[in-house]
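Just so you know, all these numbers are worked out from the coordinates, no wet-lab data involved. Here the structure is a predicted model, which is why all the values come from computation and not from measurement. Neighbour counts are summed over all protein chains in view; Cβ atoms, including those assigned to glycine, are modelled from backbone coordinates with ideal geometry.
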């Protein structure tokens, strides 16, 4: 009996330890990013790092200004959001309110499966199929532009936005719909004036999580956006994002060098961005659930 | 009270215009959905059609040759499977234990709220940041070097939130009364979890784990600096070895090396997609069967 109790005590302590493992991991991630990344601020002041217009990590002296990278990420993400948000909300409405039976199930399963396609595969398809199309359509010297990245990323964000929006729509009580239709509204009026406002906070959360996924996306962006670290002026220019910079350059740095810690410092920036997006998205999600 | 618009309402110009607007709007909704669906189908279709030509027994079982321009992708397939297996071995026990803590042990306190916040944030951390973290902690700090072990640990932490969330949902779906009966028969808390709750939650946990793992299997950014070998025409000998893995291999042959035959590239893409889709489909089937059989 004593032995069994002792064993259970050990198991329960293990479970408790695993329980808080997520907190430990978040702290560890942040701690290691800081440990490796903060060193760069001894050579570059924080202001110059965030607002510097030149990213020349291997010139002499090196320049570590991430403004072009921030702009690149913002441009690609903004383009992807403009494309994916309306299409996703339309698809979610279609799946949740219009499609029935097998069509509904097929669309839901299809979107779930499309979400599973690895980003490197979509990047590859983008390089071989989409980039040549973009190059011809706009008569550009290269098809690897911010637009190419935005279109591909839009499709990567869609599954997230569609499925969370659909959850939010189906969480709206049936009575709301019935009341609207009973008052003589068409189904479209019911959707735009009752359903969407009622599901608004869930939809905002869906969009934020989709955008969060796009900002953090690495492989497809690195393969598709042309990787030119200059401040972009249009969607048809090559750009370079924060994520692609880390992925492309980390392999060539010397451990402990300024370049190495500058890349970790970009990691800190990305971590901070995703942290705040997820925090806010979670607040919106809880607002839906609380109702 | 009218339950549906009667004829006289339908006749008003106002109602007729609203109907016309609705028709246009529904067509637009349908077109948007169609655009998304068709594009997705086209992408999958291109991979299937062009990849099928590259598939052969030799492609799947031979070592790469001539600077990866010929031969097969055997080491990349094996490397991916080993990496995924190791990732499950680390992530599953920890994720399930964490979910058990959240559903069976912890009261709703500030600690659990903090845990939930941490899970939400873990699931949002960009994959390349996991790569940096893995490089800093496992490769350098723990001195594992660029190895299967370092990569699997990195991927395990990335998969953790998916497994925890799915397991928690599965555990919560077991009715409270089952636990009460178990306790009333004199079982301890752990015995209740081990013999009553956990067995019933296994299908749900498995579904979540497979979904998490399928995402890990396709990820490239976290393994760039932790596992991936550019070109290594042999199988990894131990967990401290580097390995070729499919997603990174596809990245390498599609962007880093010129003049690789398209069949090699599409073949690799197809194998990766088939692997990931097979995992996903099995999760979908498992979930559907489990839902049908559930008797409470």
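Run the simple label-point estimate for residue B:12 and residue B:70 please: 7 Å along Cα→C-beta, distance reported in nm.
It is 7.9 nm.
Using only atoms on other chains, find how many Cβ atoms lie within 10 Å of each Cβ of peptide A:122-135 and report the average. Can you show the working numbers first?
Numbers: counts 4, 5, 12, 9, 1, 3, 7, 4, 1, 0, 0, 0, 0, 0.
Across A:122-135, the average partner-chain Cβ count within 10 Å equals 3.
Would you mind putting A:260-270, B:231-241, B:77-87 in packing order, based on average other-beta-carbon counts within 10 Å, highest first?
Highest to lowest by the protection proxy: A:260-270, B:77-87, B:231-241.
To the nearest 500 deg cm²/dmol, what mean residue ellipticity at 222 nm is calculated for the protein assembly as shown from DSSP H runs of n ≥ 4 alone, each contributing -39,500 (n - 2.57), summed and divided by the residues? If you can, show how the numbers build up before the last one.
On the way: 26 runs with 398 residues, N = 587.
After summing the helix terms and dividing by the residues of the protein assembly as shown, the value is -22500 deg cm²/dmol.
Would you compute, for the Cα atoms of segment A:85-238, the largest minus smallest coordinate along each principal axis and list the three values in descending order, in whole Å?
For segment A:85-238, the Cα extents along the three principal axes come out at 58, 32, 27 Å.
Could you tell me whether chain A comes out rounded, prolate or oblate from its Cα gyration tensor? Rule is a ≥ b ≥ c as square roots of the eigenvalues, rounded for a/c under 1.5, then prolate if a/b exceeds b/c, otherwise oblate. Intermediate values should be presented prior to the final figure.
Values: a/c = 2.16, a/b = 1.21, b/c = 1.79.
Oblate, because a/c is 1.5 or more while a/b does not exceed b/c.
Suppose R0 equals 25 Å; then what is the FRET efficiency for residue A:142 and residue B:257 from their Cβ-Cβ distance, rounded to the nearest 0.05? Working shown, then result.
Details: r = 19 Å, r/R0 = 0.76.
In this case the efficiency is close to 0.85.
Can you check how the C-alpha radius of gyration of the protein assembly as shown compares to 2.2 N^0.38 Å, as a plain ratio?
Compactness ratio reported: 1.02.
Let me know the mean shielding of B:212-225 by other chains, meaning the per-residue number of their Cβ atoms within 10 Å of its Cβ.
Numbers: counts 0, 0, 3, 3, 0, 2, 8, 5, 11, 12, 1, 0, 8, 6.
Per residue, the number of nearby Cβ atoms from other chains is 4 on average.
Pulled fully out, how much extra length does the chain show between residue A:24 and residue A:179, if you take 0.36 nm times their separation in residues and subtract their Cα-Cα distance?
Values: separation 155, 0.36 × 155 = 55.80 nm, distance 4.84 nm.
Length gained between residue A:24 and residue A:179: 51.0 nm.
So how do B:41-48, B:60-67 stack up, highest first, on mean other-Cβ count within 10 Å?
On the way: B:41-48: 15.5, B:60-67: 13.2.
Top to bottom by mean Cβ count within 10 Å: B:41-48, B:60-67.
Over all residues in B:252-262, what is the mean tally of Cβ atoms on other chains that come within 10 Å of each residue's Cβ? The partial results should precede the final answer.
Numbers: counts 1, 1, 8, 8, 0, 0, 0, 0, 0, 0, 1.
That average works out to 2.
For segment A:1-107, what is the per residue volume of the convex hull drawn over the alpha-carbon atoms, in cubic angstrom?
Numbers: hull volume 26.5 nm³, N = 107.
Per residue, the Cα convex hull of segment A:1-107 comes to 248 Å³.
Shape of segment B:7-52 from its Cα gyration tensor (a ≥ b ≥ c, root eigenvalues): rounded if a/c is under 1.5, otherwise prolate when a/b > b/c, or oblate? Show your work: numbers first, answer last.
Details: a/c = 10.11, a/b = 6.13, b/c = 1.65.
Taking the square roots of the gyration eigenvalues as a ≥ b ≥ c, segment B:7-52 is prolate.
Which shape class, rounded, prolate or oblate, goes with segment B:17-174 when its Cα gyration tensor gives a ≥ b ≥ c as root eigenvalues, a/c under 1.5 marks rounded, and past that a/b bigger than b/c marks prolate? The partial results should precede the final answer.
On the way: a/c = 2.40, a/b = 1.04, b/c = 2.31.
Note, shape of segment B:17-174 comes out oblate.
At a 10 angstrom cut-off on C-beta neighbours, averaged per residue, how do the peptides A:211-217, A:280-286, A:4-10, A:81-87 rank from highest to lowest? Could the numbers behind the result be given before it?
Working: A:211-217: 25.4, A:280-286: 17.6, A:4-10: 11.3, A:81-87: 19.3.
With the highest mean Cβ count within 10 Å placed first, the list reads A:211-217, A:81-87, A:280-286, A:4-10.
Would you list A:100, A:35 from fewest to most Cβ contacts within 10 Å? Don't skip to the end; give the middle numbers.
Values: A:100 8, A:35 14.
Least to most surrounded, the residues fall as A:100, A:35.
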